[in-house]
Amino acid sequence: MNPTKNQNSKNLSLKKGTRLSDRYLIQSTISISPTSTVYQARDLHFPSVQKMVVVKEFRNPSPDPQLRQANVETFERKANLLATLSHPGLPGILDYFTQKRHSFLVMEYIQGTTLAAILEESSGSIPQAQVTRWSIALCEVLEYLHSHQPEAITIQDLNPAHIMLDVHNNLIIVNFGIARIFKVNPDTRSDHLLSTSAAELLTYEETIAEDIYTLGESMYILLTGENLDSENGDSSSQDVIRLSHPEVSVELESVIVKAMQADPFQRFQSAEEMKIALLEVIGRSDSRHLSPQVDQVNPAADETIQPRWTFSCADEIRGSACYANGVVYFGSYDQHLYAVNAESGNLIWKYQTDGGIVSRPAVLDDSVYIGSEDNRLHVVSARSGSLLWTYYTKGPVRSSPFLAHGHVFIGSDDFNVHAININGGRGIWQIDTIAEIRSTPFVTQDEVYAGNESGEFYCIDFRGGIKWRYKSKRAITSSAVVADGMVMFCSLDKHIYALDAKSGYLIWRFKMDKGSISSPCVADGLAYTGSIDGNIYCININNAKEVWRFQTEHQVTGSPIVLGDGLYCGSVDGNLYCLDNQTGHLRWKFKTDKPITATPVAENDMIFIGSTNNQFYAIAATLSS
């Protein structure tokens with residue numbers, strides 16, 4: 001939030017160096033309007049650091065003492081309400097107070113640039129794809145505000161100058177401190193913030209539709225670099241966006257036109273409805289959600305599917321396997337990690353832990369990494385199965401290790417995500433997430449993602465700092481996957497979530513019939529996952545549309561994988577299914593006599609998977625003709 005020069009400095013009531021409430025030292029002026037002034041200030045309660053805040057001053061010039069007092073009471077009530085907001089797209093409210101005829105709201109200071117400044121520095125317009133993504137994120141913020149309880153909150157002055165892109169590429173609405181409380185009863189229209197005139201109250205509709213309109217107007221400005229005629233009350237001027245800007249799609253133009261209809265009842269009736277329309281714009285060119293019309297291939301008879309080999313353990317195989325250099329590694333609840341020849345199924349070695357294993361192994365060079373319910377991460381030699389080193393946590397390790405950047409990242413039931421040096425097992429950092437971590441961390445070039453059993457999803461930097469978090473309604477046992485700038489995961493609250501990987505903004509969510517602990521698999525713009533409702537789902541990640549679903553005979557708690565044009569997934573009904581990944585049609589299924597909770601692993605046209613019947617199978621991915 002960078003200070004800007006203003007020629008009307010004589011209207012300022014506060015000068016640099018002024019101390020407010022014996023705490024806030026004014027540093028500079030950010031902006032001035034007829035009713036308020038915004039300052040950058042230093043919070044003196046933190047003398048050892050330069051903690052900056054934003055102070056917004058509201059003037060209360062009414063000559064009527066009763067009206068002034070009513071304005072102050074309204075301001076204080078609204079400040080208390082705004083202080084309850086918590087969303088990554090809104091700055092935090094830190095303090096408020098009144099001195100004489102001036103009321104002050106203290107907000108979090110945001111380092112970044114307004115969209116208006118970004119537009120000014122561009123070639124005159126912002127690309128459609130970026131504007132659409134930004135608008136989806138803004139819809140999510142508006143959806144949060146409009147559904148706020150006990151009272152919905154509306155912005156009513158949304159424009160590019162009031163929207164910032166911070167240094168972490170998070171989009172933040174910075175003027176919500178002057179937001180009005182939306183009331184259905186027109187008798188409450190006098191409950192307006194401070195000095196708005198009675199004439200304005202009679203013409204200014206305090207409705208959610210106003211936010212829809214100003215978001216559409218902001219999109220128009222960002223796409224064209226042009227301001228609309230403020231006296232033009234209809235949508236005629238934006239009907240011709242494509243005449244001067246043919247690069248804007250017909251679909252996006254239609255969204256803007258609808259958002260800016262003069263009649264509020266002709267606009268989108270909610271931010272969620274507008275977000276869905278914007279998601280349709282993103283996915284319009286991809287028509288795979290239209291149930292493909294292809295001939296179904298008759299599935300192979302069950303008896304024709306025979307494993308290449310089978311390996312027996314002493315207890316259930318609940319977790320998934322890993323393939324490396326001709327060897328399949330997998331754990332069992334008999335407390336052993338097994339190394340088996342992938343071609344023959346012969347045992348190479350086995351390593352014993354002191355707890356059951358549901359974790360999936362990871363392999364790097366000569367080391368195999370595996371978590372165990374004995375609270376430890378074990379690292380053993382891939383050649384001999386002998387122990388190299390162990391790392392202790394304070395709870396069972398049901399998460400699987402992710403190897404990246406010279407470190408092992410793993411979760412534990414001790415509530416922590418652990419980062420461990422890959423050479424020797426020295427702990428680098430651990431992040432307490434207030435609940436068990438049973439999902440497997442997903443690591444990119446810059447971030448670590450993980451969900452916990454309380455429904456919180458975290459983005460962590462490599463120094464162990466939390467960049468952002470997102471809250472779902474129930475546990476996130478599902479592991480995440482990152483694709484096309486989105487991080488996707490499932491929750492037991494019945495939803496598949498797609499968040500912006502950098503900012504944590506919700507891009508879309510898809511509702512299943514029941515919750516899921518399955519981890520999504522993404523291939524060619526499609527996300528596949530299982531659910532407790534017994535379905536395997538295929539979702540178009542560009543528009544959150546269901547492409548197909550396949551009903552199994554029981555819960556699907558394992559995760560699917562894609563190999564070629566096939567999708568492979570186990571079910572608690574005891575079957576391993578092979579489906580056409582574009583249509584969801586069954587090609588074949590292989591039946592075991594106990595639930596399959598593991599995820600298959602594929603290599604060299606072979607599928608490897610274990611079952612809770614204590615057996616591990618190698619099965620040809622495609623049938624011989």
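The values are calculated or read from the model by the stated rules, or taken from the named source; none is laboratory data. Keep in mind the model is a prediction, meaning the values are calculated, not measured. So basically every Cβ, Gly included, is an ideal-geometry build from the backbone, and we count neighbours across all protein chains shown. The area values use the complete protein model at the heavy-atom level, side chains included, leaving out ligands, DNA and RNA. Shrake-Rupley method; radii C 1.70, N 1.55, O 1.52, S 1.80 Å.
Looking only at the stretch 359-375, which residues are open to solvent by less than 30 Å² (accessible area, probe 1.4 Å) and either of a type outside the set (D, E, K, R) or in a strand (DSSP E or B) (or both)?
Selection gives 359, 361, 362, 367, 368, 369, 370, 371, 372.
Given the structure, is residue 447 open to solvent by 10 Å² or more (accessible area, probe 1.4 Å) and in contact (Cβ under 8 Å) with a residue 40 or more places away in the chain?
It is false that residue 447 is open to solvent by 10 Å² or more (accessible area, probe 1.4 Å) and in contact (Cβ under 8 Å) with a residue 40 or more places away in the chain.
Can you tell me how many residues in the stretch 587-609 are under 32 Å from the mean Cα position of the chain (by Cα) and either more than 20 Å from residue 362 (Cα to Cα) or of a type outside the set (A, V, I, L, M) (or both)? Steps first, answer last, please.
Applying the first criterion (under 32 Å from the mean Cα position of the chain (by Cα)) to the stretch 587-609 yields 595-603, 607-609.
Subset that is either more than 20 Å from residue 362 (Cα to Cα) or of a type outside the set (A, V, I, L, M) (or both): 595-597, 599-600, 603, 608.
Total satisfying the criteria: 7.
Among (1) in contact (Cβ under 8 Å) with a residue 60 or more places away in the chain; (2) open to solvent by less than 30 Å² (accessible area, probe 1.4 Å); (3) not polar (S, T, N, Q), there is one condition residue 133 misses while meeting the rest; what is its number?
Every listed condition holds for residue 133 apart from (2).
Give the stretch 498-515 a look and list any residue that's assigned to a loop (DSSP other than H, G, I, E, B) and under 27 Å from residue 461 (Cα atoms), or say none. Let's see the steps before the verdict.
So the first thing to find is which residues in the stretch 498-515 are assigned to a loop (DSSP other than H, G, I, E, B), and the list is 501-505, 512-515.
Across the stretch 498-515, the qualifying residues are 501, 502, 503, 504, 505.
Check off (1) under 15 Å from residue 598 (Cα atoms); (2) touching an Asp or Glu at 6+ places or on another chain (Cβ under 8 Å); (3) touching a residue at least 40 places away in the same chain (Cβ under 8 Å) for residue 342 and give me the number that stays unchecked.
Just one mismatch for residue 342, condition (1).
I'd like to verify a number: residues in the stretch 431-457 that are out of contact with any Gly (no Cβ under 7 Å at 6 or more places or on another chain), aliphatic (A, V, I, L, M) and part of a loop (DSSP other than H, G, I, E, B), how many?
2
State the number of residues belonging to the stretch 483-492 that are open to solvent by 10 Å² or more (accessible area, probe 1.4 Å) and modelled with pLDDT under 95. Steps first, please.
Just the residues of the stretch 483-492 that are open to solvent by 10 Å² or more (accessible area, probe 1.4 Å), to begin with: 483-485, 492.
From what is left, the residues that are modelled with pLDDT under 95 are 483-485.
Going through the stretch 483-492 one residue at a time, the tally reaches 3.
Please work out if residue 169 is modelled with pLDDT under 80, within 26 Å of residue 227 (Cα to Cα) and open to solvent by 40 Å² or more (accessible area, probe 1.4 Å). Give the derivation first.
Working: modelled with pLDDT under 80: yes; within 26 Å of residue 227 (Cα to Cα): yes; open to solvent by 40 Å² or more (accessible area, probe 1.4 Å): yes.
Yes; evaluated as a whole, the condition is true for this residue.
I want to confirm something. Restricting to the stretch 345-358 and keeping residues that are under 16 Å from residue 382 (Cα atoms) and without any contact (Cβ under 8 Å) to a residue 24 or more places away in the chain, which single residue is surrounded by the fewest Cβ atoms within 10 Å (Cβ to Cβ)? Working first, answer last.
At the first step, the residues of the stretch 345-358 found to be under 16 Å from residue 382 (Cα atoms) are 346-353.
Of the ones still in play, those that are also without any contact (Cβ under 8 Å) to a residue 24 or more places away in the chain are 346, 352.
Values: 346: 10, 352: 12.
Filtering the stretch 345-358 for residues that are under 16 Å from residue 382 (Cα atoms) and without any contact (Cβ under 8 Å) to a residue 24 or more places away in the chain, the one surrounded by the fewest Cβ atoms within 10 Å (Cβ to Cβ) comes out as 346.
Scanning the stretch 316-343 for residues that are more than 35 Å from the chain's Cα centre (by Cα) and within 15 Å of residue 609 (Cα to Cα), which turns out surrounded by the most Cβ atoms within 10 Å (Cβ to Cβ)? Quick ask: steps written out before the conclusion?
Initially, the stretch 316-343 is screened for residues more than 35 Å from the chain's Cα centre (by Cα), giving 325-327, 334-336, 338-343.
Then drop every residue that is not within 15 Å of residue 609 (Cα to Cα), which leaves 327, 338-343.
Numbers: 327: 19, 338: 25, 339: 23, 340: 22, 341: 15, 342: 22, 343: 14.
Ranking the qualifying residues of the stretch 316-343, first place goes to 338.
Check 400, 384 and return the single one that is among the hydroxyl-bearing types (Ser, Thr, Tyr), surrounded by 19 or more Cβ atoms within 10 Å (Cβ to Cβ) and in a loop (DSSP other than H, G, I, E, B).
Values: 384 fails: surrounded by 19 or more Cβ atoms within 10 Å (Cβ to Cβ).
When all the criteria are applied, what remains is 400.
Any idea how many residues of the stretch 469-481 are crowded, with 17+ Cβ neighbours inside 10 Å and touching a Phe, Trp or Tyr at 6+ places or on another chain (Cβ under 8 Å)?
Residues meeting the conditions: 7.
Filter the stretch 7-19 down to the residues that are at pLDDT below 90 and not in a loop (DSSP other than H, G, I, E, B) and list them by number.
Selection gives 9, 10, 11.
Does residue 428 qualify as being assigned to a loop (DSSP other than H, G, I, E, B), hydrophobic (A, V, I, L, M, F, W, C) and more than 12 Å from the chain's Cα centre (by Cα)? Can you show your working first?
Values: assigned to a loop (DSSP other than H, G, I, E, B): no; hydrophobic (A, V, I, L, M, F, W, C): yes; more than 12 Å from the chain's Cα centre (by Cα): yes.
In short, no.
Residues are listed down the side, and each one gets a yes or a no for (1) outside any helix (DSSP H, G or I); (2) open to solvent by 50 Å² or more (accessible area, probe 1.4 Å); (3) touching a residue at least 12 places away in the same chain (Cβ under 8 Å); (4) of a type in the set (S, T, N, Q):
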{"site": "34", "(1), (2), (3), (4)": "yes, yes, no, no"}
{"site": "69", "(1), (2), (3), (4)": "no, yes, no, yes"}
{"site": "76", "(1), (2), (3), (4)": "no, yes, yes, no"}
{"site": "85", "(1), (2), (3), (4)": "yes, no, yes, no"}
{"site": "88", "(1), (2), (3), (4)": "yes, yes, yes, no"}
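Which residue out of 463, 469 is outside any loop (DSSP other than H, G, I, E, B) and either under 25 Å from residue 328 (Cβ atoms) or touching a residue at least 24 places away in the same chain (Cβ under 8 Å) (or both)?
Working: 463 fails: outside any loop (DSSP other than H, G, I, E, B).
None of the others qualify; the one that does is 469.
Under 9 Å between Cβ atoms, at least 6 apart or on separate chains: pull out the pairs that start in the stretch 211-229 with a residue that is open to solvent by 20 Å² or more (accessible area, probe 1.4 Å) and end on any residue that is in a helix (DSSP H, G or I) and of a type in the set (Asp, Glu).
Matching pairs, first to second residue: 225/120; 227/217; 228/217.
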